[in-house]
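For reference, the structure discussed in these notes is given below.
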Amino acid sequence: MTHRPAARRTMTALAVLGAAALTLTACVDAEVAGSAAGASDLPADLVQAAIEKATAIADGQELEGTTVSLVGTWGGTERERFLSTLAPFEEATGVTIDFTGNEDYETLQQTSLAAGTPIDVVAAGNLGTVHEYAGTDAVDLDELIGEDVIAENYAQGFIDSTTVDGGNYGIWTMVDNYMVWYDPSVYEGPATDDLSWDELTAYTDSLSGSGTAAWCMGLSAGANTGWPGAYFVFNLMLKEFGPEVLTGLGDGSKAWDSEEVRAAFARFGEVVASDQTVLGGPDAVLTTDPGAVGAGLYTDPQQCALEHWGTFTASIILGSDPSLEAGTDLDYMEMPSIDPEFAGANGYGGTVFTAFDDRPEVAAFMEYMASAESSNLIAATGNWIGANANVSPEAFPNEILASVSSDLLNGSDQLVPFPIASTPSAVTAAFYTTVAEFVQDPATLDANLAAVDAAVAAN
């Protein structure tokens, strides 16, 4: 394997990726409030298009001086980037978006509802808000902004996930997929198009004894330790058994202690078996921040060859050092298929907006968030994939994110939310624990899968 000198930029990447890990694992440590930031860092043509779209949505309504309250989890740089995408709406309509950043948005909304002063819009990190309040406190978006607006802007898989008893109670704004990242300048594995898991495993097996571990991985995230591995396991399930298994785990109709879940853990166990298969071995994986391990792709010799992580990987790694170039130093492959029938199946997570009031300014804001113009600004931040089916490839700051978006939104023949998008927090926590303890000791799997099922039964 041919390697290029990389010592200088590795130190930079380690420092920046470590900082990024802290941002990812703790988006908001305390409640942070404020209205939208400026959009000066976003492309002027996209900002102008968003202003024109918001103006058209308002359609002469007197919205000046009104306020829409919004709660979500973003903090720090992510908060500023997100709020910058709302600035054109505020400018065009005169509506103030009063944003509160709080990880415990569920409790905050419950308290607000009990007091008779609900937050207008909740930006939730899962489908829990949709399912809890559909048909009661949440507003049916088919009626608020129009079924045709939603159908024109979203793939059916997204629409199905937020539809309850014939009404639609959420719109996906940002979405994440999980894939395999690598450095194409040193990668010597099989062609990445239409790759099978067996073919990729044959390549990773060939790295044994080379000094390069097959996989970069970090699972340390405080109370959420194990979460990146959870998505690895979900992808293995999806690519072998298809979307129905993930849907069943999400809605509680499928037992976690099942043949399909165990099969995915068996494959995951091969990935985390030793320091030959994963950087540092199982113990190191559990004490390493997930955002820090990507630097191992750029050492000389390379410490690890592949990383399974989310769409945000590109912005983290490329942002760590200006000398890294999309397509030259970083690229991705879709999660390889185990059963070819599910090669085109993709899972996703992300952020779902749910409305709790039908005032005109709330309706205008929700229609703006559902628009391609809003999604283009979200794409332009470089942080997220906009969920809108009509997002422009030119909106993304690099070709990798544009390709990820196209593969997910237009190239998937089956779209399914990852189970954690639907499960109660206790179930999610139990599964993260299952993953973390499995890495340390595979013999814990029996008891922990039983604990996940018990959490389902209790919630």
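The values are calculated or read from the model by the stated rules, or taken from the named source; none is laboratory data. Remember, it's a predicted structure, so these values are computed and weren't measured experimentally. In this analysis, Cβ positions are derived from the backbone assuming ideal geometry, glycine residues included, and neighbour counts consider all displayed protein chains.
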Exercise. Are any of the residues in region 429-442 more than 27 Å from Leu46 (Cα to Cα), assigned to a helix (DSSP H, G or I) and of a type in the set (D, E, K, R)?
Worked result: yes
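Going by the conditions given, is Leu127 under 21 Å from Ala421 (Cβ atoms) and at pLDDT below 95? Lay out the reasoning, then the answer.
Details: under 21 Å from Ala421 (Cβ atoms): yes; at pLDDT below 95: yes.
The answer is yes for Leu127.
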For this session: Please determine, by comparing only the residues of region 76-99 that are surrounded by fewer than 20 Cβ atoms within 10 Å (Cβ to Cβ) and touching a Gly at 6+ places or on another chain (Cβ under 7 Å), which one is farthest from Ala123 (Cα to Cα).
Result: Gly94
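Just checking, how many residues over region 343-368 are within 23 Å of Gln156 (Cα to Cα) and either in a strand (DSSP E or B) or in contact with a strand residue (DSSP E or B) (Cβ under 7 Å, 6 or more places away or on another chain) (or both)?
Final tally of qualifying residues: 15.
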For this session: Kindly provide the set of residues from region 163-180 that are part of a strand (DSSP E or B) and under 22 Å from Pro360 (Cβ atoms), ordered by number.
Result: Gly167, Asn168, Ile171, Thr173
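Is it the case that some residue within region 31-42 is at pLDDT 90 or above, assigned to a strand (DSSP E or B) and not hydrophobic (A, V, I, L, M, F, W, C)?
no
Condition check ((1) surrounded by fewer than 23 Cβ atoms within 10 Å (Cβ to Cβ); (2) touching a Pro at 6+ places or on another chain (Cβ under 8 Å)) across all residues:
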| position | (1), (2) |
| --- | --- |
| Ala370 | no, no |
| Ala380 | no, yes |
| Phe396 | no, no |
| Asp407 | yes, no |
| Phe418 | no, no |
| Ala426 | yes, no |
| Pro442 | yes, no |
| Leu445 | yes, no |
| Ala450 | yes, no |
Exercise. Pick from Gly211, Gly269: which is touching a residue at least 24 places away in the same chain (Cβ under 8 Å), assigned by TED's automatic domain parsing to the domain that holds Pro301, closer than 29 Å to Gly350 by Cα and surrounded by fewer than 19 Cβ atoms within 10 Å (Cβ to Cβ)?
Worked result: Gly269
Seminar exercise, completed: Taking region 389-441 and keeping residues within 21 Å of Tyr105 (Cα to Cα) and of a type in the set (Ser, Thr, Tyr) leaves Ser422, Thr423, Ser425, Thr428, Tyr432
For this session: Report the residue count in region 147-187 for those that are of a type in the set (Ser, Thr, Tyr), assigned by TED's automatic domain parsing to the domain that holds Asn410 and surrounded by fewer than 20 Cβ atoms within 10 Å (Cβ to Cβ).
Result: 1
For this session: Could you grab me the full set of residues in region 398-427 that are free of Cβ contacts under 8 Å to residues at least 60 places away in the same chain and outside any helix (DSSP H, G or I)?
Result: Asn410
Seminar exercise, completed: Filtering region 372-393 down to residues that are more than 20 Å from Ala124 (Cβ to Cβ) and either of a type outside the set (Val, Ile, Thr) or in a helix (DSSP H, G or I) (or both) yields Ala372, Glu373, Asn376, Leu377, Ala379, Ala380, Gly382, Ala389, Asn390, Ser392, Pro393
Exercise. Residues in region 72-108 that are over 25 Å from Ser315 (Cα atoms) and in a loop (DSSP other than H, G, I, E, B): how many?
Worked result: 3
For this session: Give the number of residues within region 83-109 that are among the polar types (S, T, N, Q) and touching a Cys at 6+ places or on another chain (Cβ under 8 Å).
Result: 0
Problem set entry | Among residues of region 132-162, those that are without any contact (Cβ under 8 Å) to a residue 12 or more places away in the chain and assigned to a loop (DSSP other than H, G, I, E, B), counted | 1
